[in-house]
Amino acid sequence: MNRVVHPIEQESFRRLRTRLDTSHFAPLTRAVVERVIHSSADLAYADDLVLDEEELLTAHAALHAGAPVVVDVEMVAAGITRRDTVCRLKDARSGPGLTRSAHAIRLAYEDVGPGALWVIGCAPTALEELLTLDAAPALVVGLPVGFVGAAESKAALRESGLPGVSNVSEKGGSAVAAAALNALLYHPIAKETP
């Protein structure tokens, strides 16, 4: 099913491209960068995001083959269109040395196992917990926001060697994390040539 793009969205992307040349990015990288900027109206993401085209290609294939999508909070889930997500925050409990967000990640992993796409846009502790699991993710969109632990958790994601989308600064959030995943959802599947 083809996605119908609203004229306001078309105009927004047109204006974005008049302010920022994204033509040098590889296709999926460009899609993620543009959709994150579109969701935030923050052109600085073009230099702040850290992503790899080969990892995005693998994640794109997994996503379109039906790999589960796990989110840390319902706000991320609300922003992801055209795809059901797993969010276990309502069932999670905090405890000594464990935040509710971290517990939700443990519960979600029990549900989905390895190979999922993980989209974390709120809690740095959720990203930190994911990095302790043997989740073998197809991709980790690690874009939590905040002054405590956000930049550090994203640096840990990059150092982990897991396939990921992150950024260097403290900014992030549910809208940009959902936007990064949506970019992969909306990007067309390449046609095989005979």
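The values are calculated or read from the model by the stated rules, or taken from the named source; none is laboratory data. Because the structure is predicted, anything quoted here is derived from the model rather than measured. In this analysis, Cβ positions are derived from the backbone assuming ideal geometry, glycine residues included, and neighbour counts consider all displayed protein chains. When the accessible area is computed, the model is the full protein with side chains, heavy atoms only, and any ligands, DNA or RNA have been set aside. Shrake-Rupley method; radii C 1.70, N 1.55, O 1.52, S 1.80 Å.
Assorted remarks:
- Environment charge at residue 126 (Cβ cut-off 11 Å; Lys +1, Arg +1, Asp -1, Glu -1): 0
- Magnitude of the charge dipole, segment 49-194, Cβ model with Lys/Arg +1 and Asp/Glu -1, debye to 20: 400 debye
- Relative contact order computed over the chain (Cα-Cα under 8 Å; 6+ residues apart), in percent: 24 percent
- Computed lengthening from residue 160 to residue 98, 0.36 nm per intervening residue step minus Cα-Cα distance: 20.3 nm
- Each Lys and Arg adds +1 at its Cβ and each Asp and Glu adds -1 at its Cβ; summed about the Cα centre, segment 1-127 shows a dipole of about 400 debye.
- Once both labels are positioned 7 Å from their Cα atoms along Cα-to-Cβ, the gap between residue 168 and residue 47 label points is 0.8 nm.
- The chain - mean residue ellipticity at 222 nm from DSSP helices (-39,500 (n - 2.57) per run, n ≥ 4, rounded to 500): -14500 deg cm²/dmol
- Between 0 and 90°, nearest 10: helix 7-19 axis offset from the chain longest Cα axis: 80 degrees
- Within the accessible area of the chain (1.4 Å probe), percent carbon and sulfur: 55 percent
- Exposed loop sites are taken as trypsin sites (Lys or Arg not before Pro) in a DSSP loop (any state but H, G, I, E or B) with at most 14 other beta carbon atoms within 10 Å; the longest stretch of the chain without one runs 94-190.
- Here the spin labels are modelled as points 7 Å beyond Cα on the Cα-Cβ line, and at residue 74 and residue 40 they lie 2.5 nm apart.
- Computed FRET value (nearest 0.05) for residue 24 with residue 84, which takes r as the C-beta separation and R₀ as 41 Å: 0.75
- Accessible area per residue for the chain is 50 Å², calculated with a 1.4 Å probe on protein heavy atoms, without ligands, DNA or RNA.
- Considering all different alpha carbon pairs of segment 94-192, the Kirkwood hydrodynamic radius works out to 13.7 Å.
- Rolling a 1.4 Å probe over the protein chains gives residue 91 an accessible area of about 80 Å².
- Shape class of segment 15-87 from the Cα gyration tensor (axes a ≥ b ≥ c, square roots of the eigenvalues): oblate, since a/c reaches 1.5 or more and a/b does not exceed b/c.
- Most mobile of 132, 85, 18 in a GNM of the chain (Cα contacts under 10 Å): 18
- In terms of its C-alpha gyration tensor, the chain has a prolate overall shape, because the principal axis ratio a/c (a ≥ b ≥ c, square roots of the eigenvalues) is not below 1.5 and a/b outweighs b/c.
- The residues packed around residue 16, meaning those with a beta-carbon under 14 Å from its beta-carbon, carry a net charge of +1 if Lys and Arg are +1 and Asp and Glu are -1.
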